[in-house]
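A short worksheet on the structure shown next.
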Amino acid sequence: MKLTVISKDGQQVISMREGLSVLQALTENKIYVTSPCGGKGICGKCKIRLVKGTLPVTEADRRILTKEQIEQGIRLGCRAYLTEDATIEVEKEEEFQVVMNAMEVSENIKQNEDAQYGIAIDIGTTTIAMEVVDVKNKVIQNSYGELNRQRSYGADVISRISACNAGDLEKLRDTIRNQLREMIQRFELHSISKIAISANTTMCHILMGYPCETLGVYPFEPVNVNTIRTNSQDLFGDSIPFCQVVILPGISTFVGADIVSGLVSCGFSETEKVSVLIDLGTNGEMAIGTKNQILVTSAAAGPAFEGGNISCGTGSIPGAISSVEIQYGMAKVRTIQDKDPVGLCGSGVLELTAELLSNELIDETGALDERYFEEGFPVALSNKGEVVFTQRDIREIQMAKSAVYSAATLMTRRYGVKIDDVDKVYLAGGFGFHVNIEKAIAIGLLPKQWKEKITVVGNASLRGAELALVEDDFIRKAEAVVEVASVLALANDKDFSELYTENMFFE
Ligand code: FES
């Protein structure tokens, strides 16, 4: 059967394989449609429109779509299966360029024949960040970021693990390897001295093609979290210059190389004073300790602080609303690179919540003022309509901030110190350098006592990969951190559940 796909880029005809949903066929053909639930028929974001032919209305269509939408031919792509040739219209997700912390993407570098260029890579669940490092002079020459293309298999690691376990491991592996290869090729380097990769444990497993079955079930054993030494040929073929590749070590399934990388780059392998590192990514990983003893944990915070699971949420892309002030009951916004608003990124979500609270448009239980209860609070106008912040979005934030606060305070207690005893707090992750600490504290994301101790470090995982290229003993330090680290499991912890419920409220 043939599926004709109309998008803003024109028309493309796809031959459908037996048993493939429309969403799967689109993904296989590199037509990416937003699908945060990974094709489970829950999120309702993978809408397509039937233009010609038939597509039976499914149970999920009836549950999620309105009668009018169904009559207009709208269907959920992940639930749609062809019974005859058809033509559909899709709204393709842009291959967004992600705004990097350290510097904007520059023109291709003028390559100095004598220089040695290494590539530092951070593979996040949501975004991928890369830097070209002049290894001899220890300077960053160029940087580039994109949204992770695996997101068409779901927004979080759990959906990616499920997709791998359902037989798509090779596809996910090839998706990430192809994306990394294409990103590396953009730099047009004549030679590469080395590539260092930092990523969470699931992303590392998928990159290596390791089976993911054990990652998703108790006792959540990883196949391998040790340092991996391989080469570019094995991972990316021969279309980039040959070089050695090192994949940094992790600690457990939930606390991966990205955190180890962050710990070393924040000096945990040398400090004698108790420090805390919190990564505000999807998995809410965090650690407390000194060079002698480190306790790590993770609190599934969800992707809200990366703009995920938020009705008008988006990644840190040009046009993302990153800062919000409410004046006279109306939102005044600033966007990344001052582009027209496209949605709310993590820092925008956080600032908006704090502003709604201080303007008493949300009460301490998280209930939105009744004027906005049905339609949501209007934030800005985008070219696709109004950007609104809904009651459901506020619930997402409450769950995320409570998970982070509860995990951070319980981790500190279990380490055997008081909140006040912590010397330094490093805040890493999707917020980049834009997080407003006062507002983060105002919504109850972190303890007040840490206000003066917080340093925002942006993408600490990428920073670690960068250091792995220029410091000979970086891997030794990373392995030393792994050696002294122990894991605090919160999933079945009664104290955590109690704290989590308590901290859902705003003060
Ligand atoms: S409903 Fe979520 S991907 Fe289809």
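What helices (runs of 4 or more DSSP H) lie completely within the stretch 453-507 and have 2 or more residues being at pLDDT below 95?
Passing ranges, in order: 460-470, 494-502.
Given the options ILE419, ILE362, name the one that is more than 21 Å from SER316 (Cα to Cα) and touching a Pro at 6+ places or on another chain (Cβ under 7 Å).
Selected residue: ILE419, the only one of ILE419, ILE362 that is more than 21 Å from SER316 (Cα to Cα) and touching a Pro at 6+ places or on another chain (Cβ under 7 Å).
Examine the stretch 43-60 for a residue that is at pLDDT below 90, open to solvent by 20 Å² or more (accessible area, probe 1.4 Å) and small (Gly, Ala, Ser), and state whether such a residue exists.
Looking through the stretch 43-60, none of the residues is at pLDDT below 90, open to solvent by 20 Å² or more (accessible area, probe 1.4 Å) and small (Gly, Ala, Ser).
Under the condition of being within 16 Å of the ligand (Cβ to nearest atom) and hydroxyl-bearing (Ser, Thr, Tyr), which residue from the stretch 131-174 is nearest to ALA304 (Cα to Cα)?
SER159
Does the stretch 367-376 contain any residue that is touching a Leu at 6+ places or on another chain (Cβ under 9 Å) and within 20 Å of VAL435 (Cβ to Cβ)?
No, the stretch 367-376 contains no residue that is touching a Leu at 6+ places or on another chain (Cβ under 9 Å) and within 20 Å of VAL435 (Cβ to Cβ).
Consider only pairs whose beta carbons are under 7 Å apart and that are at least six residues apart or on different chains; among these, list those whose first residue lies in the stretch 26-43 and is without any contact (Cβ under 8 Å) to a residue 60 or more places away in the chain and whose second residue is more than 6 Å from the ligand (Cβ to nearest atom) and small (Gly, Ala, Ser).
That search, which allows pairs on different chains as well, returns GLY41/ALA60.
Return the residues of the stretch 211-235 that are out of contact with any Cys (no Cβ under 6 Å at 6 or more places or on another chain) and buried (at least 20 other Cβ atoms within 10 Å of the Cβ); say none if nothing qualifies.
Answer for the stretch 211-235, where residues must be out of contact with any Cys (no Cβ under 6 Å at 6 or more places or on another chain) and buried (at least 20 other Cβ atoms within 10 Å of the Cβ): LEU215, PRO222, VAL225, LEU235.
State all residues of the stretch 254-276 that are out of contact with any Lys or Arg (no Cβ under 9 Å at 6 or more places or on another chain) and either open to solvent by 10 Å² or more (accessible area, probe 1.4 Å) or assigned to a strand (DSSP E or B) (or both); if no residue qualifies, say none.
Scanning the stretch 254-276 gives PHE254, ASP258.
Does any residue of the stretch 315-326 turn out to be outside the structural domain of GLU272 (by TED's automatic domain parsing), open to solvent by 20 Å² or more (accessible area, probe 1.4 Å) and in contact with an Asp or Glu (Cβ under 7 Å, 6 or more places away or on another chain)?
Yes, the stretch 315-326 contains a residue that is outside the structural domain of GLU272 (by TED's automatic domain parsing), open to solvent by 20 Å² or more (accessible area, probe 1.4 Å) and in contact with an Asp or Glu (Cβ under 7 Å, 6 or more places away or on another chain).
Only strands (runs of 3 or more DSSP E) wholly contained in the stretch 292-336 count here; list those with 3 or more residues that are under 18 Å from GLY458 (Cβ atoms) and in contact (Cβ under 8 Å) with a residue 12 or more places away in the chain.
Passing ranges, in order: 320-327.
Quick check on my filter: what residues within the stretch 11-53 are within 16 Å of the ligand (Cβ to nearest atom) and more than 23 Å from ASN148 (Cβ to Cβ)?
The answer is ARG49, LEU50.
Only one of (1) at pLDDT 80 or above; (2) more than 16 Å from the ligand (Cβ to nearest atom) fails for CYS78. Which number is that?
Just one mismatch for CYS78, condition (2).
The values are calculated or read from the model by the stated rules, or taken from the named source; none is laboratory data. Model, not experiment: these values are computed from the prediction. Every residue, glycine among them, receives a Cβ derived from its backbone with ideal geometry; neighbour counts consider all protein chains shown. With ligands, DNA and RNA removed, areas are computed over all heavy atoms of the protein, side chains included. Shrake-Rupley method; radii C 1.70, N 1.55, O 1.52, S 1.80 Å.
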